[in-house]
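For reference, the structure discussed in these notes is given below.
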Amino acid sequence: MSLKILTEHCSTPGIETLEVYRQKGGYSAVEKALKKMTPDEVVEEVKKSGVRGRGGAGFPMGMKWSFLAKPEGVPRYLVCNADESEPGTFKDHYLMKTIPHLLVEGMIISSYALGANKSFIYVRGELMYVIRILEKAIEEAKAAGFLGKNILGSGYDLELVVQPGGGAYICGEETALLESLEGKRGNPRNKPPFPAVKGLYQSPTVVNNVESIATVSWIVNNGGEAYAAVGVGKSTGTKLISASGHINKPGVYEIELGLSCDEFLNSDEYCGGVRTGHRLKAVVAGGSSVPIVPGTLFLKNANGEDRLMSYESLSDGGFATGTMLGSGGFIVFDETACIVRNTWNFSRFYEHESCGQCSPCREGTGWMQKVLNRIEHGKGSMSDIDLLVDVSKKIEGNTICPLGDAAAWPVASAIRHFRDEFEWHITHPLEATKAGAVYAGAVLV
Amino acid sequence: MEDIKPTMFKVTVDGVEVEVAPGTTIMQAARKIGPEVAPPAMCYYEPLKGSGGKCRACLVKVAAGSAKDPRPMPKLVASCITPVQDGMIVENFTNPQVVEARKGVVEFLLLNHPLDCPVCDQAGECHLQDFAFENGTSTTRYQEERRTFEKEDIGPYVQLHMTRCVLCYRCVYTADQITDGRVHGVMGRGDHAEISTYIGHAIDNDFSGNVIDVCPVGALTDKTYRFKNRVWFSKPVDAHCNCDKCSGNVQLWYRGDEVIRVTARKNEWGEVTAFICNTCRFEKKKTSDWVIEGPTKVNRASVISANKYASNLIKKPDFALKLAESQYKKIDDSRPYVNDMAEIKQSEDYKALQQKNESFFKK
């Protein structure tokens, strides 16, 4: 059994209540941090741990915290990004509904470290029942004196607010989230200024993912160095992976970063292999936005070395042969999956979710979706494939926020690795449009 | 007592150096040099706070971030919102990557925009038309159906036709900053986003007419002027009046002896210099209402003056363009990586480049 930092007590009955959570050692980190440590010491421990943002970008969390501007007389805010809306990712949802106090505890310590007296948890609106669970947990914590005025006699005040979002994908982008939280239309802001300087209500703000904040209490209890000892290289600690698709055991798994991809996919402790009787075709390793790779390139990189589940190893080979760990939305496709249809499906999502603020993303996502729709329904032409590549290149990097990149990468990578399948759709429209028809020439593992 | 001067930043745009105050954007620095190097703008509007960054027409390459940190920026940046640093080197028309990206932006903006300039009221003074003429291609690769909207009634003076809109948000900022109480905004998202008023509200405000002036395309037009004229048949004249609501400084558009339209005055970037009220704009259409100052200076090459687009409308700095073309070379990844200067000087590539530079400067 590998180390479980976040999910250790998830199977304990009643862990969502404060009583059981405290029996399992909960809130000891709050006591330790508020009574024995200064805020700067907490920041220092998080820096030492090397924990990286679990929302997808993988930016070191301690570094993000130390960028926070601290002008006199201006409030600072901590916002927890629980808008988790990346297709294929459901780890935060699981964590919040099973063990809400872990997040609340993390929020208290993080807010203390950053000097924030009002913190927000922005949860996507579809998860109303999770919002109720969180609100109940906050009530319990308040009654026990872990929230409110003068927490544990330390003189530190904190108010924690759960805010339901409207369910837009774009509101998971940190500046769009802040706009939405302020009650405005969820359009991403131009950067600079970054939220660390001018964020919520024009005040310095840190926005962190649920999973990142949930790790803080373990780091405070056990020390940053103990956390940094887990994992491989700059990918320290453990990561929740939401495994879905054509595997025997879909679900949320906590892995130590640096686990081999082969073991994660095939061992019974985790995914349990590609569903019985079928063979691996392709993998999306970190949520729908990251490049899709064929099974062969997922298990071994271009040099024939084994790939590991870590930020560095998965992105080895860049966009040509690599992918990304992203938010840990692990989607597996076997030979029955049609890559063209899947790419069209992803594209539809991005067209629907583009905020419509900047022109390359607003018009480009719709254009790609329409061209893919045509190819999927047997009305494409060969020039459409190069057109898609060209359009994706013109979107990528030219937009305000990363949604443009996220829309462009799946299309560009699908064509890069599965071009023959796109061509088959165009040259054999009658066969390709039959229900359940799949290209037979794909390389399987 | 000595004058304390604020330190000035030196910025180079397309090979031309300029000194600007700290906090200036790349766009403003380029405009200070002149129209030859100024990036196009579809959404940025200097008088409106917070505008810019949306259309991506003004993307530029920052080849060197600053004198202290001369690394190039990894992505193209929107020049209208990126502040300059001392020693920054910006490439605009001279960078093939920028030219290509801008071609892409033209294509994107025209995807859902009707290509019926001959029947559009804005033709001749349309920013999108100018932008596409200067930076785009003459064909489209788009085969799908275009997004269209029904015309919407938003009040007695302003006609909204969403089909032509490029979602620059200028009219939203205008309503926020010039009028009291905005009733229109952007609804929906993605390529089905639209400018509209909340549940068919009418825009009723003394300064609502200004949204017509700031609209870069023909999405918001003047109901008292629509389809009465083509802009190149009329001649603009500067005039003023005593108005208790606004400055009263306007442009009258004459066709023969008749004032057919009143607009606010605009500077050389097409930006309104002083917003005017609806009384001046829509109700004072007699010469006797105004004190005439004289003909407005119009760029001779513009459509308003010349009735057509001139092929040499804007002279690009061709020296810099040629230099960039002669040195632009795709990076060959298979070459061995050398960083010993002596070895580099021996290489054929280096000699060829030296010769090319020498012969270029001799010319």
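Determine which single condition A:Gly436 fails, assuming it passes every other condition in (1) away from chain B (no Cβ under 14 Å); (2) in a loop (DSSP other than H, G, I, E, B); (3) more than 15 Å from A:Asn342 (Cβ to Cβ).
Against the list (1) away from chain B (no Cβ under 14 Å); (2) in a loop (DSSP other than H, G, I, E, B); (3) more than 15 Å from A:Asn342 (Cβ to Cβ), A:Gly436 comes up short only on (3).
Can we say B:Ala219 is farther than 18 Å from B:Gln177 by Cβ, touching a His at 6+ places or on another chain (Cβ under 6 Å) and modelled with pLDDT of 90 or more?
yes
Could you pull out the residue among A:Gly199, A:Gly186 that is in contact with a Ser or Thr (Cβ under 6 Å, 6 or more places away or on another chain), within 14 Å of chain B (Cβ to nearest Cβ) and not β-branched (Val, Ile, Thr)?
Criteria check complete, one pass: A:Gly186.
Of all residues in the stretch A:374-396, which are surrounded by fewer than 17 Cβ atoms within 10 Å (Cβ to Cβ) and either among the polar types (S, T, N, Q) or within 11 Å of chain B (Cβ to nearest Cβ) (or both)?
In the first step, residues of the stretch A:374-396 are kept if they are surrounded by fewer than 17 Cβ atoms within 10 Å (Cβ to Cβ); the result is A:377-379, A:381-383, A:386, A:389-390, A:393.
If the condition is that a residue be surrounded by fewer than 17 Cβ atoms within 10 Å (Cβ to Cβ) and either among the polar types (S, T, N, Q) or within 11 Å of chain B (Cβ to nearest Cβ) (or both), then A:Lys379, A:Ser381, A:Ser383, A:Asp386, A:Asp390, A:Lys393 are the ones that fit.
Which pairs turn up if I take residues in the stretch B:227-253 that are among the aliphatic types (A, V, I, L, M) and look for partners that are outside any strand (DSSP E or B) with beta carbon separation below 6 Å, at least 6 apart in sequence or on another chain?
From residues that are among the aliphatic types (A, V, I, L, M), the pairs are B:Val231/B:Gly124; B:Val231/B:Glu125; B:Val231/B:Ile304; B:Ala239/B:Trp290; B:Val250/B:Ile276; B:Val250/B:Cys280.
Inside the stretch A:334-361, can you point out the residues that are out of contact with any helix residue (DSSP H, G or I) (no Cβ under 7 Å at 6 or more places or on another chain), in contact (Cβ under 8 Å) with a residue 60 or more places away in the chain and more than 9 Å from chain B (Cβ to nearest Cβ)? Quick ask: steps written out before the conclusion?
If we filter the stretch A:334-361 for residues that are out of contact with any helix residue (DSSP H, G or I) (no Cβ under 7 Å at 6 or more places or on another chain), which is where we start, we get A:334-338, A:342, A:345, A:349, A:357-358.
Now narrow it down to the ones that are in contact (Cβ under 8 Å) with a residue 60 or more places away in the chain: A:334-338, A:342, A:349, A:357.
Result: A:Asp334, A:Glu335, A:Thr336, A:Ala337, A:Cys338, A:Asn342, A:Phe349.
What strands (runs of 3 or more DSSP E) lie completely within the stretch A:243-339 and have 2 or more residues being of a type in the set (A, V, I, L, M, F, W, C) and over 28 Å from A:Asn373 (Cα atoms)? Full working, then the answer.
On the way: elements: A:251-256, A:280-284, A:329-334.
Hits in the stretch A:243-339: A:251-256.
I need a count of the residues in the stretch B:168-192 that are in contact with a helix residue (DSSP H, G or I) (Cβ under 7 Å, 6 or more places away or on another chain) and either facing another protein chain (nearest Cβ under 10 Å) or in contact (Cβ under 8 Å) with a residue 40 or more places away in the chain (or both).
8
Look through the stretch A:177-206, keep the residues that are of a type in the set (Gly, Ala, Ser) and in a loop (DSSP other than H, G, I, E, B), and return whichever of them is surrounded by the most Cβ atoms within 10 Å (Cβ to Cβ).
By that ranking, first place goes to A:Gly199.
If I filter the stretch B:96-104 for residues that are within 14 Å of another protein chain (Cβ to nearest Cβ) and in a loop (DSSP other than H, G, I, E, B), do I get at least one hit?
no
When you go through (1) within 9 Å of chain B (Cβ to nearest Cβ); (2) in contact (Cβ under 8 Å) with a residue 24 or more places away in the chain; (3) farther than 23 Å from B:Val60 by Cα one by one for A:Gly364, which number turns out not to apply?
With (1) within 9 Å of chain B (Cβ to nearest Cβ); (2) in contact (Cβ under 8 Å) with a residue 24 or more places away in the chain; (3) farther than 23 Å from B:Val60 by Cα applied to A:Gly364, the lone miss is (3).
Considering only residues that are under 27 Å from the mean Cα position of the chain (by Cα) and polar (S, T, N, Q), look in the stretch A:355-405 and name the one that is farthest from B:Met187 (Cα to Cα).
By that ranking, first place goes to A:Ser392.
The values are calculated or read from the model by the stated rules, or taken from the named source; none is laboratory data. Here the structure is a predicted model, which is why all the values come from computation and not from measurement. Using ideal geometry, Cβ is built from the backbone for each residue, glycine included, and neighbour counts are taken over all protein chains shown.
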